[in-house]
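Okay, structure first, notes after.
Every read-out reported here was derived from the displayed coordinates using simple, explicitly stated rules and does not represent laboratory data. For clarity, every value in this text was computed on a predicted model and none was experimentally measured. Using ideal geometry, Cβ is built from the backbone for each residue, glycine included, and neighbour counts are taken over all protein chains shown.
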Amino acid sequence: MCMANKLFFIRGLSLALLLANAASAAENGKWLDFQFPHDSPVLLVGFSESPMTVTPRGSSVVLDLHKSLTLRNVGTKPICGLTLRVEAQDLTPYGKGSVIKPSLFVLPGEEFPVKVDMRLMRPIAAAKTESAMVQVTLDCVLFSDLKAYGPDKLNTHRTLLVYELEARRDRQYLARMLDNGQLPELREELNFGIQDYGPRQLGLELLRGPRTATLREQPLTVSPMTFPKAPVQPLRGAAQVAGNEVRAPRVEVLNTSKMRVASVAMGWIVRDDNGEDFVAGAVTSPVAIGPVQTSAISESGTLRFSRSSGQPMVIDRLMTFVNDVQFSDGTLWIPSRSDIDSATQDPVLRRELATSPEEQRLATIYRRDGTAGLKKELKRVTLPN
Amino acid sequence: MNTASHPAPEILSLFSCGDLPFFLRLRTGRHVRECAVCEQQVTALRSAKSELRREASAQILTGFEAIADWHSLEGDMLGNIRVGVAASRCIETVGRSRKLGTRLVWAVSMTALFFAGWMARVPTEDNQRIAAALRHAVGLDQPLIGTIVRSTPDGITVRSQGSALTILHPESAVISMSSPSSVTARYVDDDSGQVTITNVYGQ
């Protein structure tokens with residue numbers, strides 16, 4: 001047997017053993033496991049799955065897992081949002097994932113689907129353990145009274161609260177338009193009214209540790225964008241920028257309210273060298289700020305931006321705004337629609353700031369089912385007074 | 001033994017040297033004493049033998065005379081030996097260098113081939129895992145450096161120690177950051193019409 005044949009034989013044998021192992025493990029449910037506490041307000045009542053694919057890659061194996069869960073609200077209150085925690089034993093504690101379903105309105109006894117699509121790459125020689133390689137656990141459930149259930153290890157209770165408040169704001173905004181017969185404005189709002197509009201997509205990388213300075217870092221002033229009625233106002237900021245990397249952004253904020261602030265989520269907008277603005281997201285920082293006091297919010301690490309095609313994006317300008325504020329009593333502030341409208345004259349940027357998950361969902365319904373479909377959906381998800 | 005039955009010439013030759021067996025020597029000696037012809041032949045043989053011995057001695061003396069200048073000869077021989085040894089060393093060095101060169105070229109070629117094959121076939125994650133294992137083996141564990149979370153058109157990936165977890169999303173998903181250590185994708189699920197938000201966290 002020549003060397004090439006031996007190698008082919010060994011690879012074939014390894015693959016066969018691996019596939020046999022994968023099939024055996026799949027039968028025993030060892031790849032993926034779901035855990036819902038016994039007192040959970042949602043229960044797993046069924047799931048459908050696409051065939052799991054196992055692909056060798058070098059000395060590793062790539063597993064593609066696709067599951068569509070059917071969950072039932074077995075509690076007594078409507079569910080408005082839910083977070084599932086996804087943990088792979090090979091990456092614990094360095095990495096994990098989550099699947100969030102915001103803007104729900106699931107009444108007691110109703111069922112709803114949650115899809116979990118993931119890919120796990122692990123060394124073929126990695127140790128086998130008794131527990132499942134990927135564990136999906138209920139992390140947080142938000143009810144219509146804004147109370148929550150679950151261990152909330154990922155701190156998504158606050159995130160679900162913000163999504164729910166945005167959803168209620170946008171439902172009211174659209175319902176008012178319908179009630180007032182502002183159909184052209186509604187069409188413009190939900191069709192986006194701007195020709196060829198599509199969400200501006202970014203590629204992101206989070207980097208850690210000391211970086212090799214391949215490009216010269218330059219200080220960049222961060223421009224504050226203010227919402228008039230925000231209880232916290234950004235004053236000034238700075239960051240180090242090198243090409244498509246932003247390092248150590250820092251912004252000084254002022255609490256203009258009479259309440260003690262517990263945390264602030266700062267939104268970031270990146271302008272590229274073509275003058276296009278991209279909403280890069282919002283980062284929540286736990287920061288205690290007394291009434292009429294200032295404080296500095298800074299982030300460690302490096303963020304690298306690219307276009308969705310992977311081409312590096314040259315950063316020309318950085319802007320920041322207060323996305324939401326949580327006070328020490330647990331209440332939350334989010335910008336109103338009029339706050340957003342008055343913050344910027346750029347219609348595309350205004351649209352991106354205003355597009356909440358709920359507006360995105362309702363826009364899909366409006367495009368598919370028209371005004372009648374939107375009315376029906378708004379009626380379904382509106383809480384009775 | 002009478003004259004009509006003379007011993008054979010080789011018997012007489014051996015008798016002249018005293019090399020015959022005992023009884024044959026007694027009988028041959030009695031014949032030689034009584035036979036003048038055989039006595040004359042034995043005498044001739046013994047005379048020739050003596051002559052040969054004398055000539056042989058003379059030749060040996062001549063050979064020693066030829067090497068009478070021993071010191072000169074020793075010098076020549078040592079010189080020749082040194083030349084031979086030096087020449088052998090020269091040849092040996094030349095051969096060794098050539099062998100070393102050949103082996104070095106072979107080793108470099110095989111190493112380059114190995115690395116080319118490794119880089120072409122083995123994923124980056126495996127290399128990172130091997131590097132991490134080596135660092136761990138020599139006690140040089142360091143905090144994680146480099147990319148910890150990355151978005152791609154079809155998912156967000158976190159990597160560590162040779163393993164990677166990707167939460168997949170459709171290409172239409174909008175990517176943003178949600179914390180200093182997490183990246184988020186948001187999309188409307190075509191089947192259910194619901195919004196799904198996936199997060200991937202790194203440390």
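Near A:GLY281, once Lys and Arg are set to +1 and Asp and Glu to -1 for all other residues with Cβ below 14 Å from its Cβ, the sum equals -2. Reported value for segment B:17-59: 54 Å³ per residue, from the convex hull of its C-alpha atoms.
When you filter the trypsin sites (Lys or Arg not before Pro) in segment A:114-157 for DSSP loop state and at most 11 other Cβ atoms inside 10 Å of their Cβ, you are left with A:LYS128, A:LYS147. Each label point was placed 7 Å from the Cα along the Cα-to-Cβ direction; for A:GLU111 and A:THR382 their separation is 3.0 nm.
If you average the C-alpha positions of segment A:113-175 and of segment A:59-109 separately, how far apart do those two centres end up, in angstrom? When both Cα centres are located, 5 Å separates them. Within segment A:33-72, what residues put their amide N at less than 17 Å from the label point 7 Å along the Cα-to-Cβ vector of B:ALA120? Label zone hits: A:58-59.
Given +1 at the Cβ of Lys and Arg, -1 at the Cβ of Asp and Glu and no other charges, the dipole of segment A:26-154 around its Cα centre is 260 debye to the nearest 20. Excluding same-chain neighbours fewer than eight residues apart, the lysines reachable from A:LYS77 by a Cα-Cα span under 27 Å are A:LYS67, A:LYS101, A:LYS115, A:LYS147, A:LYS153, A:LYS375, A:LYS376, A:LYS379. Under 17 Å of direct C-alpha separation, and excluding same-chain neighbours fewer than eight residues apart, A:LYS258 reaches these lysines: A:LYS229.
Annotation: aspartates and glutamates with alpha-carbon distance below 17 angstrom to B:LYS49 (same-chain offsets under eight excluded): B:GLU10, B:ASP19, B:GLU39. Just name one of A:PRO357, A:SER68, A:SER103: the one whose Cα is farthest towards the positive end of the charge dipole of chain A (beta-carbon charges, Lys/Arg +1, Asp/Glu -1). Of the candidates, A:SER68 comes out farthest on the positive side. Annotation for segment A:249-272 versus segment A:324-385: alpha-carbon center distance of 21 Å.
Based on DSSP, what percent of beta bridges with both residues in chain A are antiparallel, to the nearest 5? Don't jump to the answer; show the numbers that get you there.
Numbers: 94 of 101 bridges.
Close to 95 percent.
Given +1 at the Cβ of Lys and Arg, -1 at the Cβ of Asp and Glu and no other charges, the dipole of chain A around its Cα centre is 460 debye to the nearest 20.
Contact order, relative form, for segment A:215-363: 28 percent (alpha carbon pairs under 8 Å, 6 or more residues apart, mean separation divided by residue count).
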